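Computed from the coordinates by the stated procedures, all read-outs in this text should not be read as laboratory data. These numbers were taken from a predicted model, which means no experiment stands behind them. Heads up, the Cβs are rebuilt from the backbone with ideal geometry, glycines too, and the neighbour counts pull from every protein chain shown.
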Amino acid sequence: MSNIRKAFLNGKAFIAFITCGDPDLETTGAAVRAAVENGADLIELGIPFSDPTAEGPVIQGANLRALQGGVDTDKIFDFVTELRKDVSIPMVFMTYANVVFSYGAERFISTCRNIGIDGLILPDLPFEEKDEFLPLCHQYGVDLISLIAPTSEGRIAKIAKEAEGFLYIVSSLGVTGTRSEITTDLASIVNVVRQNTDIPCAIGFGISTPEQAKKMAGLSDGAIVGSAIIKILARYGKDAPGYVGEYVRSMKEALLS
């Protein structure tokens, strides 16, 4: 069983996204631990990139602050090595294909395996081009996680049949960011997924309130939250981890209620 599946064994999963190095790696580590202590089931760690095309202004800002602080891929690998000494829940990287290419795909993916990263999300990697990385991911036991968007339509069944780890269902068109309302017919998307795989699926993009998280988890196996957590980090800086923990607890409680 993929280690990622463990995140979905105890009811609806809460998945927290945190950009590495915003405002610094020490704060990132404290925020991850606070999220885990308060019920996060899986952590998505963002590796900052200069052109994060899937991200809205909030996470773009986090990428910029992290890069200006001198964070790079090697420092993040060292950081995860330390994090894994006491954080045991599944963790995945979310970044962009160019980050993996420029580092060297085999070197990057083999290091993921060595430091305890369970999966890789590359939002700019088209499903049809995943074979650029998939053989290496299989070789080193790292799940290459697929995304399904409202525009996927006729491709949903095919993507679902070949899914690994979990399926990331994008709630809305556009980039990441909090939204007051999510109007996509997600139930229909999830229904097609269910017909084609038993891999868990979680919904992300735009979820920020406990009510939204509960609704999305009611449709799927879990909720993914990024921008709302990044806003807390941007507001409180080094003092943010406690607030992140409180927020995660409120979201996880909503999923279980």
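Over the chain, what is the relative contact order in percent, taking alpha-carbon pairs closer than 8 angstrom and at least six residues apart?
On the way: 502 pairs, mean separation 66.6, N = 257.
The value is 26 percent.
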Taking neighbour Cβ counts within 10 Å as the exposure measure, how do Glu132, Glu211 sort from fewest upward?
-> Glu211, Glu132
If the chain between Glu153 and Tyr236 were fully stretched, how many nm would it gain, using 0.36 nm times the residue separation less the Cα-Cα distance?
-> 25.9 nm
Here the alpha-carbon Rg of segment 3-256 over 2.2 N^0.38 Å rounds to 0.91
Considering only Cα-Cα distances, which of the following residue pairs are longer than 30 Å: Lys75/Lys161; Lys6/Lys130; Lys6/Lys85; Lys85/Lys252; Lys85/Lys231?
-> Lys75/Lys161
Pair His138, Glu211: separation of 7 Å Cα→Cβ label points (nm) | 4.6 nm
So between Leu9 and Lys161, what do we pick up on full extension, going 0.36 nm a residue minus the alpha carbon distance?
-> 52.6 nm
In nanometres, the difference between 0.36 nm per residue of separation and the alpha-carbon distance of Asp74 and Ala187 is 36.7 nm
Among Phe108, Thr95, Pro123, whose Cα lies farthest out toward the positive end of the dipole of segment 70-126, if unit charges sit on the beta carbon of Lys, Arg (+1) and Asp, Glu (-1)?
-> Phe108
Rounded to the nearest 500, the 222 nm mean residue ellipticity computed for the chain from DSSP H runs (n ≥ 4, each -39500 (n - 2.57)) alone is -13500 deg cm²/dmol
